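Here's the structure, in structure tokens; my notes come after.
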Amino acid sequence: MNPVDISNVTVAYDRKPVLQEVTFSVPEGKLIGIVGPNGAGKSTLIKAILGLVPTASGTINIYGKSYRAQRKLVGYVPQRGSVDWDFPTNALDVVLMGRYGHIGWFKRPGKKDTQIALQALDKVGMKEYANRQISQLSGGQQQRVFLARALAQDATVYFMDEPFVGVDAATEKAIIALLNELKAQGKTVLVVHHDLQTVKEYFDWTFLLNKRQVALGPTEEVFTIDNLQKTYGGRLAFLDQQVNQPFVQQ
Amino acid sequence: MSYGAWIILTGSLVGVSCGIVGCFLILRKMAMLADAISHTVLLGIVLAYLVSHSLEGIYMLVGAGIIGLLTAFLVQVLDTSGVQSDAAIGVVFTSLFAFGVILLSAFAGQVHLDVNHALMGEITFIPWDTLTINGIELGPSAVWMLGIVLILNLTLIFLFYKEIKISSFDPAMATAIGIPVVFIHYLLMSMVSITTVASFDSVGAILVVAMLIVPGATAYLLTDRLLIMLLISAFIGVASAVGGYYAALAWNVSIAGSMASIAGLIFGATFILSPKHGLMGKVLARRSISAQHS
């Protein structure tokens with residue numbers, strides 16, 4: 001069964017369609033980049049899957065059942081800018097929030113949860129920052145805390161919203177290592193990404209999206225100049241046709 | 001217990017209850033919603049009286065709870081349908097409050113309440129309005145009401161601590177993992193409503209906002225831990241109540257007024273002196289940075 005099956009999903013904000021009739025199925029164990037211009041509905045797609053924005057029509061299934069029934073199989077990394085990092089809490093506490101979905105009502109995280117959270121911090125190289133107040137972390141460190149929180153969710157499908165935005169080179173490398181490790185464990189990871197230059201290097205599958213889906217498949221088949229032009233329209237320029245390295249003219 | 005001791009106890013209970021609930025309002029950036037609810041509960045109180053013909057605490061709590069939730073709900077509705085959120089708060093709270101004032105003046109003969117009392121409170125009279133069951137005098141009824149509300153607040157926060165925490169910090173994540181964020185929002189709004197109405201008699205609608213917001217805002221400057229923030233805020237609430245009482249005695253001024261003023265003074269001092277987030281701390285940090293680079 002496919003980790004993610006979406007058919008005919010349409011999402012509208014104030015009658016303005018943001019996603020139109022998107023249909024795709026993602027096979028298990030792939031690293032998938034969701035790529036498209038600003039306003040293409042990449043984040044909206046993730047939010048619709050996670051039930052954070054209402055869909056106007058269409059069905060969304062995670063391993064054959066509704067998201068509601070499969071919450072525990074899904075991990076989520078929101079955009080770093082979506083929360084207030086001045087909130088009075090420390091890194092370990094944020095990572096522990098990844099356990100909340102497993103703990104249930106009226107209970108506190110226990111020793112086992114703390115252990116899982118510390119392991120997750122260790123995996124992203126942040127163990128020594130466990131007790132650090134989150135506002136005192138750099139942007140890259142905050143992003144890694146978010147990743148650790150998703151790891152603590154102990155999921156099989158992960159959705160990550162722009163994890164590479166505004167991070168340092170060390171964090172970018174750490175994230176990539178982590179994504180590959182998740183893939184090696186047979187997990188499926190969907191990542192909203194906007195740096196076209198790294199798509200080929202990072203993702204084995206690519207989903208090109210601009211309100212409507214343009215293409216989905218193995219990156220070497222899908223990530224073509226032709227498809228990119230369809231996705232980005234006139235905003236795309238090519239540095240070097242030979243190496244096929246596109247970039248976006250903003 | 002002496003007259004003064006009852007007033008101090010009443011003020012302290014207001015301080016603890018408001019201080020704790022207020023922290024969550026600060027963290028969720030909803031201070032103005034508290035301002036709105038503190039005024040609209042007047043309508044709840046008047047309606048509760050007109051329905052029940054009694055000024056007993058339980059009716060007041062229910063009436064205020066319902067109107068408080070209605071306030072939060074209407075603000076939410078206007079906000080999501082395109083009205084700016086501060087304008088939404090302004091429209092809803094003045095309308096409901098005005099309706100409460102009209103009802104109050106229309107039935108002024110029947111209701112043992114007046115607008116002045118509702119706005120400013122009268123903590124001085126608290127000790128005389130006692131709760132008597134089977135002929136046994138059990139102390140001021142305001143103390144009982146505040147005590148019950150405090151216990152209720154603490155129980156709810158204890159039970160839903162992690163849900164409140166995650167939905168305040170990261171509502172999207174909270175929703176994604178199945179935490180009922182909307183329920184938690186209205187739970188907090190109910191707590192604000194009943195805390196406000198329980199504090200009403202003592203400090204009134206305007207000053208209760210000071211007790212809700214100022215201790216939490218002060219505690220926010222002093223710590224990086226949520227639990228510690230709640231404790232500091234409760235402590236500042238009590239300190240304002242006790243300090244305010246003695247200041248009022250010394251200068252023969254309004255007790256509720258000086259309680260709120262003391263809270264303001266504590267905030268001012270913290271804002272300047274706090275090592276972490278205060279002005280002084282920032283100046284010192286800037287100096288040490290420029291010293292390193294010169």
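Give me a single rounded figure for A:96-102: the average over its residues of other chain Cβ atoms within 10 Å of their Cβ.
Mean partner-chain Cβ count within 10 Å for A:96-102: 5.
A loss of 20 Å² or more of accessible area (1.4 Å probe, protein heavy atoms, ligands and nucleic acids excluded) relative to the isolated chain is seen in these residues of the stretch A:39-55: A:LEU52.
Please report the antiparallel percentage of the DSSP beta bridges confined to chain A, to the nearest 5. Let's see the in-between values first.
Numbers: 24 of 42 bridges.
Percentage antiparallel, nearest 5: 55.
Taking Cβ atoms as reference points and 14 Å as the exclusive limit, the residues near B:LEU131 contribute a net charge of -4, counting Lys and Arg as +1 and Asp and Glu as -1.
Rounded to whole numbers, the Karplus 3J(HN,Hα) couplings from phi for the stretch A:217-226 are x, x, 3, 5, 8, 8, 7, 10, 4, 4 Hz, using 6.51 cos²θ - 1.76 cosθ + 1.60 with θ = phi - 60°, and x at Gly and Pro. Against the longest principal axis of chain A, how steep is helix A:139-152, in degrees 0 to 90 to the nearest 10, with axes from Cα atoms? For A:139-152 against chain A, the angle is about 80 degrees. Note the angle between two axes, namely the Cα long axis of helix A:169-184 and the longest principal axis of the Cα atoms of chain A, as a number of degrees from 0 to 90, rounded to the nearest 10. Compared with the principal axis, the helix lies near 90 degrees. Calculated [222 nm] ellipticity per residue, helices only, for chain B: -27500 deg cm²/dmol; basis is -39500 (n - 2.57) per DSSP H run with n ≥ 4, divided by all residues, nearest 500.
Extending 7 Å from Cα along the Cβ direction at B:SER2 and again at A:ASP168 yields two label points whose distance is 6.1 nm. DSSP beta bridges fully contained in the protein assembly as shown are about 60 percent antiparallel. Across the accessible surface of chain A, with the other protein chains kept in place and a 1.4 Å probe, carbon and sulfur atoms take up 46 percent. Only protein heavy atoms count here; on that basis, with a 1.4 Å probe, B:TYR59 has an accessible area of about 100 Å². For the peptide A:81-90, the mean number of other protein chain Cβ atoms found within 10 angstrom of a residue's Cβ is 6. For A:LYS183, the accessible area of its heavy atoms, probed at 1.4 Å with every protein chain present, is near 70 square angstrom. According to the Kirkwood relation over distinct C-alpha pairs, the hydrodynamic radius of the stretch B:1-92 is 14.9 Å.
Under 10 Å, Cα contacts only: if you run a Gaussian network model on chain A, which one of A:ALA184, A:ALA215, A:ALA91 comes out with the highest mean-square fluctuation? Most flexible of the set in this elastic network: A:ALA184. Summary value for chain B: 29 percent relative contact order, contacts being C-alpha pairs under 8 angstrom separated by 6+ residues.
Under 19 Å Cα to Cα from B:LYS276, which aspartates and glutamates show up? Leave out anything in the same chain fewer than 8 places away. Candidates past the 8-residue exclusion: A:ASP84, A:ASP86, B:ASP224. Calculated translational diffusion coefficient of chain B (20 °C, 1.002 mPa s; Stokes-Einstein with Kirkwood radius over alpha-carbon pairs) equals 108 µm²/s.
Peptide B:101-107: average number of partner chain Cβ atoms within 10 Å per residue? Working shown, then result.
On the way: counts 0, 0, 0, 0, 0, 0, 0.
Mean partner-chain Cβ count within 10 Å for B:101-107: 0.
Counting residues in the protein assembly as shown as N, plug N into 2.2 N^0.38 Å and put the Cα Rg over that result.
Working: Rg = 27.5 Å, N = 544, 2.2 N^0.38 = 24.1 Å.
Computed over Cα atoms of the protein assembly as shown, the ratio equals 1.14.
The stretch A:112-184 and the stretch B:51-67 have their alpha-carbon centroids 50 Å apart.
Kindly state, as a whole number, the per residue volume in cubic angstrom of the convex hull around the alpha carbon atoms of the stretch A:1-57.
Details: hull volume 4.8 nm³, N = 57.
With only Cα atoms used, the stretch A:1-57 gives 84 Å³ per residue.
In this structure, the pairs whose alpha-carbon distance is over 22 Å, taken from A:LYS107/A:LYS127; A:LYS65/A:LYS200; A:LYS65/A:LYS107; A:LYS42/A:LYS230; A:LYS72/A:LYS211; A:LYS30/B:LYS162, are A:LYS107/A:LYS127; A:LYS65/A:LYS200; A:LYS65/A:LYS107; A:LYS72/A:LYS211; A:LYS30/B:LYS162. Of the residues A:LEU52, A:LEU73, A:LEU228, the one that moves most in a GNM of chain A with alpha-carbon contacts below 10 Å is A:LEU52. Computed on chain A, with alpha-carbon pairs under 8 angstrom and 6+ residues apart, the relative contact order is 25 percent.
Stretching A:MET1 away from A:ASN180 to a fully extended chain increases their span by 62.3 nm, per 0.36 nm per residue minus the current alpha-carbon distance. Counting every pair of alpha carbons in the stretch B:41-200, the share spaced more than 23 Å apart comes to 47 percent.
Under a 5 Å amide H cut-off, with hydrogens placed 1.01 Å from N, A:ILE34 pairs with A:VAL191, A:VAL192, A:HIS193, A:PHE207 among residues at least 5 apart or on other chains.
At a 1.4 Å probe radius, which order do B:SER202, A:SER43 fall into by accessible area, largest first? Before the final figure, lay out the partial values.
Values: B:SER202 0, A:SER43 25 Å².
Ranked list, largest accessible area first: A:SER43, B:SER202.
Legend: helices of chain B (whole DSSP H runs) are marked when their alpha-carbon atoms reach 15 angstrom or more along the helix axis and their mean Kyte-Doolittle hydropathy is at least -1.0; marked are B:3-27, B:31-52, B:57-80, B:85-106, B:141-159, B:181-222, B:226-251, B:255-273, B:279-292. Taking the average, over residues, of other Cβ atoms within 10 Å as the packing measure, peptides B:166-176, B:265-275 rank B:166-176, B:265-275 from highest down. As a fraction of the 1.4 Å probe accessible area of the stretch B:1-107, surface on carbon and sulfur atoms comes out at 72 percent. Let me check I've understood the local charge: for B:SER85, count other residues with C-beta under 11 angstrom from its C-beta, Lys and Arg +1, Asp and Glu -1. What total comes out? Here the charged neighbours net out to -1. Accessible surface computed residue by residue for the protein assembly as shown, with neighbouring protein chains in place and a 1.4 Å probe, gives 44 Å² per residue.
Less than 14 Å Cβ to Cβ from A:VAL9, Lys/Arg counted +1 and Asp/Glu -1: what total charge do the surrounding residues give?
Numbers: positive: A:LYS42, A:LYS47, A:LYS211, A:ARG212; negative: A:ASP5, A:GLU21.
That works out to +2.
The H on the amide N of A:VAL214, modeled in the peptide plane, is under 5 Å from the matching H of A:LEU208, A:LEU209, each at least 5 residues off or on a different chain. For chain A, modelled as a GNM whose springs connect Cα atoms under 10 angstrom apart, the maximal fluctuation among A:ASP14, A:ASP122, A:ASP86 occurs at A:ASP14.
Accessible surface buried at the B:A interface totals approximately 2700 Å², computed with a 1.4 Å probe on protein heavy atoms. The order of A:ASP5, A:ASP113, A:ASP161 by accessible area, most exposed first and with a 1.4 Å probe, is A:ASP5, A:ASP113, A:ASP161. Evaluating 6.51 cos²θ - 1.76 cosθ + 1.60 at θ = phi - 60° for every residue in the stretch A:121-129, the Karplus couplings come out as 4, 4, 4, 9, x, 10, 4, 6, 9 Hz, glycine and proline recorded as x.
The values are calculated or read from the model by the stated rules, or taken from the named source; none is laboratory data. As the structure is a prediction and not an experimental result, all values here were calculated from the model. Note: ideal-geometry Cβ built from the backbone for every residue, glycine included; neighbour counts use all protein chains shown. Ligands, DNA and RNA are stripped out before the accessible areas are found, and what is left, the full protein with its side chains, is counted by its heavy atoms. Shrake-Rupley method; radii C 1.70, N 1.55, O 1.52, S 1.80 Å.
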